[in-house]
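In what follows, a single structure is set out as structure tokens and then discussed.
Just so it is clear, none of the values below were taken in a lab; they were calculated from the coordinates. Keep in mind it's a predicted model, so treat the numbers as computed, not measured. We place every Cβ from the backbone using ideal geometry, glycine too, and count neighbours over all the protein chains shown.
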Amino acid sequence: MSCKLTSNITKETCAYTVAGIKAVYLFNYDPANTYTMGTDEEIETIMLADSAKAYSIDFIDSTASFSDELAQNGNGGKYRTHTVNFTLSEYNYTIINQGDKLSLGKFTAVVVDKNNRSIMLGRNNGLSATAFNYASGAADADANGWTVTLAGTELEIGRLLKDESVITAIVDKTVITP
């Protein structure tokens with residue numbers, strides 16, 4: 001069986017770490033997208049099909065999170081479930097015009113955590129929206145905005161990117177001001 005550990009698992013540094021996501025990027029899932037892996041199996045380059053671009057998501061601070069969970073089906077087969085969550089603050093035509101696409105599309109996500117690790121989710125099968133809901137809140141201090149949840153079944157643990165520049169190199173630089 002090839003599922004045997006091949007090295008020790010050690011803590012590499014004594015350093016502070018912080019929870020949370022500082023950036024979320026999405027690009028349209030396409031099986032023709034390709035990735036170049038480095039010697040440590042981290043992603044060094046992303047080539048999107050048909051000159052596509054990645055898009056930065058401007059979410060409300062402290063609302064983005066992700067999970068990468070092991071799951072097992074009834075026949076004993078194992079897979080992973082990748083999930084990305086974030087909340088968008090605006091209720092305007094920019095969000096409305098992208099809402100159907102975000103609700104109905106299939107995406108690959110890159111999340112950058114507050115420790116500057118860039119992790120790709122949905123690389124093999126894509127992520128689809130399981131929630132795209134608006135809540136106004138009732139009290140002055142209630143949270144409000146579009147809550148977005150993207151999830152998908154994957155065949156691997158989320159892949160690390162060499163660094164954030166791998167994704168920012170393909171991000172659309174167009175800025176739309178309402």
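Structural remarks
- For Asp30, nonlocal amide neighbours, meaning residues 5 or more places apart or on other chains whose placed amide H falls under 5 Å from its own, do not occur.
- Taking label positions 7 Å along the Cα-Cβ direction at both Asn116 and Asn92, the computed distance is 3.2 nm, reported to one decimal.
- When the Gaussian network model of the chain links Cα atoms closer than 10 Å, the mean-square fluctuations of Ile95, Ile43, Ile21 top out at Ile95.
- Extension reserve of the Ala135-Lys22 stretch, reckoned as 0.36 nm per residue once the Cα distance is removed: 38.4 nm
- Among the GluC sites (Glu not before Pro) found in the range 1-106, those both in a DSSP coil and sparsely packed, with 12 or fewer other Cβ atoms within 10 Å of their Cβ, are Glu12, Glu41.
- Leu70 versus Leu104: modelled label distance in nm, points set 7 Å from Cα along the beta carbon direction: 3.9 nm
- Taking amide H as placed 1.01 Å from N in the peptide plane, the amide H of Thr45 sits under 5 Å from that of Thr36, each at least 5 places away or on another chain.
- Linear extension gain, Asp163 paired with Ala52, 0.36 nm per residue minus alpha-carbon span: 37.9 nm
- Ratio Rg/Rh [Cα only; Rh per Kirkwood] for the range 21-168: 0.98
- Most mobile listed residue (Tyr91, Tyr25, Tyr16) in the chain, GNM with C-alpha springs under 10 Å: Tyr16
- Low-density loop positions, trypsin sites (Lys or Arg not before Pro), the range 84-178 - DSSP coil, at most 16 other Cβ in 10 Å: Lys114, Arg117, Lys162, Lys173
- Degrees between helix 93-104 axis and first principal axis of the chain (Cα, 0 to 90, nearest 10): 40 degrees
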